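Take a look at the structure set out below.
The values are calculated or read from the model by the stated rules, or taken from the named source; none is laboratory data. Note that the structure is a prediction, hence the values are computed from the model and not measured. Neighbour counts run over all protein chains shown; Cβ positions are idealised from the backbone, glycine included. The protein model used for the area step is the full one, side chains on, heavy atoms only, and it has no ligands, DNA or RNA in it. Shrake-Rupley method; radii C 1.70, N 1.55, O 1.52, S 1.80 Å.
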Amino acid sequence: MAAQGEHNNYFVREIEKTNGSFLTVSQCYMGDVGCVVWDAAIVLAKYLETQQFYDPTSGVNLWAGRRVVELGAGTGVVGLMAATLGADVSVTDLEDLQTLLKVNIQDNQTLISTGSISAKVLKWGEDVSGFLPPPHYVLMADCIYYEQSITPLVETLKLLSGPETCIICCYEQRTEGINPKVEKQFFKLLQESFNCEEIPLSKHDSEFRSPDIHILHVRKKVSSC
Ligand SMILES: C[S@@+](CC[C@H](N)C(=O)[O-])C[C@H]1O[C@@H](n2cnc3c(N)ncnc32)[C@H](O)[C@@H]1O
């Protein structure tokens, strides 16, 4: 584990894949909320491995060759899972998270064969031209948590999404403090431009699921003009 040896302020979390291999994800003792793996990220990462993403007749893995952008990636665990499944992934976050993302990419490189992954800066509300044409999937785990981010985050989703883009949004529903208000505002604004489909708990990973962690498939509304 290169990250542990080289930087004493890292601690590692291992996430087992269904094929028995392990994602090795470094987290920081010091830093902001993006420095640790949140429960919604584990739920989303494990959801990407479920049967829904395999063709029922051929058994082919539907992530292969898909272009994916992860927003607010933090440690990058969700994007790393997608890349090990064959997707071409950009894990994005603020400048401060780039070193951690690069450490985690390096430490999991041997698990990535047909897919690819790179870390990039993307601040919500700013230019997304480097991520276009629209990716097949936008992934986001636990990104709905402060009021000032709602408008720029929804703006980024609008700019990144094309008619074929599926946003998979996973979040932990919190009942305290400002959280219910932030969630309500986010979904009100989101639903002006997108349709949201909640994925029932029965379709989440059978072990890594929780009633307070929601997964939504979100797609841009088709313009009526
Ligand atoms: C609660 S953490 C979730 C991290 C990771 N997705 C997970 O679930 O483990 C929220 C992430 O959003 C990122 N973030 C917050 N505001 C942002 C902004 N304006 N632009 C881009 N990323 C932002 C943070 O840096 C952080 O990594």
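When the charge dipole of the chain is built from unit charges on Cβ atoms (+1 for Lys and Arg, -1 for Asp and Glu) and taken about the Cα centre, the candidate among LEU160, VAL222, LEU132 whose Cα reaches farthest toward its positive end is VAL222. Ligands, DNA and RNA left out, the accessible area of the chain computed with a 1.4 Å probe is 51% carbon and sulfur. Ignoring aspartates and glutamates fewer than eight residues from LYS102 along the same chain, the ones with Cα atoms less than 15 angstrom from its Cα are GLU6, GLU70, ASP93. Three semi-axes describe the equivalent ellipsoid of region 33-220; taken as square roots of 5 times the Cα gyration tensor eigenvalues and ordered largest first, they are 23, 19, 17 Å.
For region 116-166, chymotrypsin sites (Phe, Trp or Tyr not before Pro) meeting the loop criterion (DSSP other than H, G, I, E, B) and having at most 13 other Cβ atoms within 10 Å: TYR146. Summing Lys and Arg as +1 and Asp and Glu as -1 over all other residues whose Cβ lies under 11 Å from the Cβ of ASN61 gives a net charge of -1.
Count neighbours as other Cβ atoms within 10 Å of each site's Cβ, and list the GluC sites (Glu not before Pro) in region 83-160 that are DSSP loop with at most 16 such neighbours.
Values: sites: GLU95, GLU126, GLU147, GLU155; in loops: GLU126.
Filter output for region 83-160: GLU126.
Determine the calculated [θ] at 222 nm for the chain from helices alone, applying -39500 (n - 2.57) to every DSSP H run no shorter than 4 residues and normalising by the residue count; nearest 500 deg cm²/dmol. Could the numbers behind the result be given before it?
Details: 6 runs with 58 residues, N = 225.
When only DSSP H runs of four or more count, the value is -7500 deg cm²/dmol.
The phi-based Karplus calculation (6.51 cos²θ - 1.76 cosθ + 1.60; θ = phi - 60°) puts the 3J(HN,Hα) values of region 60-70 at 6, 6, 7, 7, 4, x, 6, 8, 10, 10, 9 Hz, whole numbers, x for Gly and Pro.
In the complete set of protein chains, residue-level accessible area for LYS203 is approximately 100 Å², probe 1.4 angstrom. Given a cut-off of under 8 Å on Cα pairs at least six residues apart, what relative contact order in percent is computed for the chain? Across the chain, relative contact order equals 18 percent.
Can you work out the accessible area per residue across the chain, with the rest of the protein chains kept in place, probe 1.4 Å, in square angstrom?
For the chain, the per-residue accessible area is 49 Å².
Solvent-accessible surface of protein heavy atoms, probed at 1.4 angstrom with all chains present, puts TYR54, TYR10 in the order TYR54, TYR10, largest first.
Over 19 Å between C-alpha atoms is what I'm after, so list which of LYS188/LYS220; LYS181/LYS221; LYS120/LYS181; LYS158/LYS188; LYS123/LYS188 land there. Don't jump to the answer; show the numbers that get you there.
Values: LYS188/LYS220 14 Å; LYS181/LYS221 24 Å; LYS120/LYS181 30 Å; LYS158/LYS188 14 Å; LYS123/LYS188 22 Å.
In this structure, LYS181/LYS221; LYS120/LYS181; LYS123/LYS188 exceed 19 Å between Cα atoms.
If you count the DSSP beta bridges with both ends in the chain, what percent of them are antiparallel, to the nearest 5?
Percent antiparallel among DSSP bridges in the chain is about 50.
Applying a DSSP loop filter and a limit of 14 other Cβ atoms within 10 Å to the trypsin sites (Lys or Arg not before Pro) in region 92-135 leaves LYS123. Region 165-196 and region 38-86 have Cα centres separated by 21 Å.
Neighbours of SER206 by Cβ distance under 12 Å: Lys/Arg scored +1, Asp/Glu scored -1, total 0.
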